[in-house]
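Written below as structure tokens is the structure these notes are about.
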Amino acid sequence: MKEIGILPCSGACNVGSLSNKAVVNTLEEKENTDFVCALGLPLGIEGIIKNGKSSDGYIALNGCKVRCATKALMSAGIPVNEEIVITERYDIEKNKNFRSEEKLDEMIEDLKNNVDQFQKN
């Protein structure tokens, strides 16, 4: 079965926090998924890049239109198979409510469906 790496933006806002929560919850429920470190890739940390490149495909879960997760993957030469932008897809306004769980269940279901789709192909 194909392994998919999922990279949350983990940014300093509600949607960044939501991206991290969604990935953690998805990894707990789906086999052959891997949490890719958003900070280690653009910093060029060799072990993190090696681990990050070990998956068969990648989902970038961006909090907002800045698309930090996508850019982190690209900085290490890792192709993005699926890009999600939380503010756009779920119509959530970016703010500083770090404890928000607005539409979290929907995000988790979407991520699980993306993993299923990728692993079928």
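Laid out as a table, the results:
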{"item": "Cross-chain or 6+ apart pairs with Cβ under 9 Å, the range 82-94 first and under 7 Å from C64 (Cα atoms), then of a type in the set (D, E)", "result": "T87/E93"}
{"item": "Residue in the range 49-59 that is within 15 Å of G11 (Cβ to Cβ) and touching a helix residue (DSSP H, G or I) at 6+ places or on another chain (Cβ under 8 Å) present", "result": "no"}
{"item": "Sole residue being hydrophobic (A, V, I, L, M, F, W, C), in contact with a strand residue (DSSP E or B) (Cβ under 7 Å, 6 or more places away or on another chain) and not in a loop (DSSP other than H, G, I, E, B), chosen from L27, L18", "result": "L27"}
{"item": "Condition check for P8: touching a residue at least 12 places away in the same chain (Cβ under 8 Å) and buried (at least 18 other Cβ atoms within 10 Å of the Cβ)", "result": "yes"}
{"item": "Considering residues of the range 110-121 that are over 21 Å from G11 (Cα atoms) and among the charged types (D, E, K, R) only, the residue surrounded by the most Cβ atoms within 10 Å (Cβ to Cβ)", "result": "K112"}
{"item": "Restricting the range 75-121 to residues that are part of a helix (DSSP H, G or I) and among the β-branched types (V, I, T), the residue that is farthest from the chain's Cα centre (by Cα)", "result": "T87"}
{"item": "Residue list for the range 60-84, filter: hydrophobic (A, V, I, L, M, F, W, C) and either farther than 21 Å from A12 by Cβ or surrounded by fewer than 20 Cβ atoms within 10 Å (Cβ to Cβ) (or both)", "result": "V66, M74, A76, I78, V80"}
{"item": "Unmet requirement for L39, which otherwise passes all of (1) surrounded by fewer than 18 Cβ atoms within 10 Å (Cβ to Cβ); (2) in a loop (DSSP other than H, G, I, E, B); (3) in contact with a Pro (Cβ under 8 Å, 6 or more places away or on another chain); (4) not hydroxyl-bearing (S, T, Y)", "result": "(3)"}
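Each reported figure results from applying straightforward, stated rules to the coordinates on display, with no laboratory input. Bear in mind the structure is a predicted one, so any value in this text is a computation, not a measurement. In this analysis, Cβ positions are derived from the backbone assuming ideal geometry, glycine residues included, and neighbour counts consider all displayed protein chains.
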